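Right, one structure below, let's go through it.
The values are calculated or read from the model by the stated rules, or taken from the named source; none is laboratory data. All figures in this text were calculated on a predicted structure; none of them were measured in a lab. So basically every Cβ, Gly included, is an ideal-geometry build from the backbone, and we count neighbours across all protein chains shown. Side chains are part of the model used for accessible areas, which takes the heavy atoms of the whole protein and leaves out ligands, DNA and RNA. Shrake-Rupley method; radii C 1.70, N 1.55, O 1.52, S 1.80 Å.
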Amino acid sequence: MTTSLSDTRSLSETARPSRFGILRHSVVLAQRSLAKTSRNPGPIMNGIITPALFMVLFLYLFGRPVAGTTAEYLQYLFPGILVMGAGLAGMISTGSAINLDLKNGVTDRFRSLPISRTAPLLGSVLADILRYLIAVAVLFGIGALLGFRIQGSALAALGAAGLAIMFGFCLSWLMVFIGVLVKSADAVLSFSFIAFLPLQLGSSLAAPIDTLPGWLHAWADINPVTHVMNACRALLNGTPDNGSIGLTLLWSAILFVVFCPLAVRAYGRQE
Amino acid sequence: MIVGDLGFEVDGLIKRFGRTTAVDGVSLAAPHGQVLGLLGPNGAGKTTVIRVLATLLHPDAGQVRVAGIDVRQDPARVRRRIALSGQHTSVDDELSGRSNLVMIGRLLDLGRPDARRRAGELLSRFGLDDAADRPVATYSGGMRRRLDLAASLVGRPEVVFLDEPSVGLDPGKRDELWQMIRGLAQDGVTVLLTTQYLEEADALADAITVINHGRVIASGTPADLKREVGGHTIVLRPSDLSDLDPAAAIVARVAGREPDRSRRQELIVPVAGDAEFFEITAQLRGHGIDVSELAFRLPSLDEVFLSLTGAPTADAKDAV
Ligand SMILES: Nc1ncnc2c1ncn2[C@@H]1O[C@H](COP(=O)(O)OP(=O)(O)OP(=O)(O)O)[C@@H](O)[C@H]1O
Ligand SMILES: [Mg+2]
């Protein structure tokens, strides 16, 4: 029968053996996520435009009062903007994309396929890494146009970009977890917006935390984003600071170790 | 390769969500290569049964086997044999029809060339050649449904679960879909199809199971079921309301039961076959009664429920 929709050869006979299946499937699903991004680049644009706008706004609002000259202030401001960009790239897209898949039945199809139940999550997060790279590269470009100069070594600059991306990646597992739990994609988006303000702005982004009023100072001091920004700032300005690098690594590890398993479990759970 | 000759088999399935018992002791089965229609109103538990069979939900009690494999013991092996097409189409809007199918092929461990070949085959089989490389967002409802069905067939499944496949299709597109589902059965695929329409179950299924509130209330071949619920229904509306009583008398005499007059200007009565219909038409003519509406049709789901349970569906009650 030439028109047969489903001839008698079963899948296992035509398919390749499934070694490293989960990795291969995750890569296929990451390609899906990236293809969707390229057709609908809204979220990633958002993750670049928002920090770029903050950069320009803060630069001309606070540049002179805080640092005397805008050039000097940019050296302070830019590393924080970089961290914001990497954080946003993951916060905006991952959680709501996963939530959308769950709600419109795509996840049901994936779960009824003979693939690991973790592969869709892993694929989405893998695709995010590329999105972080793009966001960070574009922000470096904009920073350079505005006059930002890397003072440290090339290695230190790569290290700063790496720290920002790693922290964004670990933070995105929190959003994945929320994306799996919450009822609607809108709710995910409002959560990331609410979390954005204290996390990204209640930090050392605009000015050293010593200059902040008491309550804000107390918050900014425990806010992990402050330490990531401090670490990147020190690296990019040629004054590496092991303390803040250590805190960044520690916080990243904590976020990852707590939220990755939680998200994977909530996602794979059968009722 | 099939263990036993049943495509799937559900025995005494119970599934609870918190306090609601969505499925309360359902048993059903289909021999290899047959189409089973699962008929029921909103909230009857159709989707829940399908999701348990497709290994998306754990059963709370009961035996569930697909292609001879227990879904609790070896869900991964079950997933190699089945495909699911959910109540809402689950294809990616941003991707083209072809990319959707190629992606599924690659997730099923086909190499890239094989996945592309299989996608091409299915696209032409489902009449989507012209639209193959357009984003799915530009597809009509019927095209999406066909693509969704094609996506379920990439892995050449032995058992296919279709949850209300014809929802949102116009009659022409629905007929096309029915053709495709019949084609599946001809190729030896076992199909479980849920629907709210007796007409659809009648057109496609070798056997029908009717459920309500998570329980089976009838099962058998379409012919059995129609015998039980009276086969067809006649709906009659006289042009002149004063003819309602004489018309009701004629209908009662021919059909052998009193017509339902709950809709005031209409008479509704179940009959065994078209002989009664022609007899009623002739007698109306003989008595000079004009009609503004006269229909001979399969009973609606509400009417099926009325005759099976003596109570209307929850929806029909709400509507009153
Ligand atoms: N995840 C869930 N949590 C809680 N209750 C649920 C869940 N899924 C289904 N139910 C309940 O179980 C019952 C059966 O639902 P199900 O979706 O199986 O019905 P259905 O026959 O598919 O209905 P429809 O025709 O509307 O699709 C309903 O009362 C529903 O509210
Ligand atoms: Mg349903």
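Values for this structure:
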{"quantity": "Heavy atoms of A:Ser153: accessible area, 1.4 Å probe, square angstrom to 10", "calculated": "70 Å²"}
{"quantity": "Global geometry of segment B:151-292, whether rounded, prolate or oblate, following the gyration tensor of its Cα atoms and the 1.5 cut on a/c", "calculated": "prolate"}
{"quantity": "Angle in degrees between helix A:42-67 and the longest Cα principal axis of chain A, rounded to the nearest 10", "calculated": "10 degrees"}
{"quantity": "Computed over segment A:81-162, Cα set: Rg, Dmax in Å", "calculated": "17.1, 53"}
{"quantity": "Packing rank of A:208-219, A:169-180, where each peptide gets the mean count of other beta carbons within 10 Å, highest leading", "calculated": "A:169-180, A:208-219"}
{"quantity": "Per-residue SASA entry for A:Glu72, accessible area with 1.4 Å probe, Å² rounded to 10", "calculated": "120 Å²"}
{"quantity": "Chain B: C-alpha pair distances exceeding 27 Å, %", "calculated": "51 percent"}
{"quantity": "Calculated FRET efficiency for the pair B:Ile217/A:Arg39, C-beta based, R₀ 60 Å, to 0.05", "calculated": "0.80"}
{"quantity": "Average accessible surface area per residue within segment B:183-281, 1.4 Å rolling probe, Å²", "calculated": "45 Å²"}
{"quantity": "Computed Kirkwood radius, in angstrom, where 1/r is averaged over Cα pairs of chain A", "calculated": "19.9 Å"}
{"quantity": "Carbon + sulfur, % of accessible area of the protein assembly as shown - ligands and nucleic acids excluded, 1.4 Å", "calculated": "58 percent"}
{"quantity": "Number of partner chain Cβ atoms within 10 Å, mean per residue of A:120-132", "calculated": "0"}
{"quantity": "Whole-number Å³ per residue for the convex hull built on Cα positions in segment B:231-298", "calculated": "71 Å³"}
{"quantity": "Kirkwood Rh and Cα Rg combined as Rg over Rh, evaluated for the protein assembly as shown", "calculated": "1.12"}
{"quantity": "Proximal lysines to B:Lys15, defined as alpha-carbon separation beneath 23 angstrom and excluding residues fewer than eight positions away on the same chain", "calculated": "A:Lys103, A:Lys183, B:Lys46"}
{"quantity": "Heavy-atom accessible surface that B and A bury in contact, both chains counted, 1.4 Å, Å² to 100", "calculated": "4000 Å²"}
{"quantity": "Principal-axis tilt of helix A:154-181 within chain A, Cα atoms, nearest 10 degrees", "calculated": "50 degrees"}
{"quantity": "Other protein chain Cβ atoms within 10 Å, averaged over every residue that makes up A:99-110", "calculated": "5"}
{"quantity": "Cα long-axis angle, helix A:185-196 against chain A (0 to 90 degrees, to the nearest 10)", "calculated": "20 degrees"}
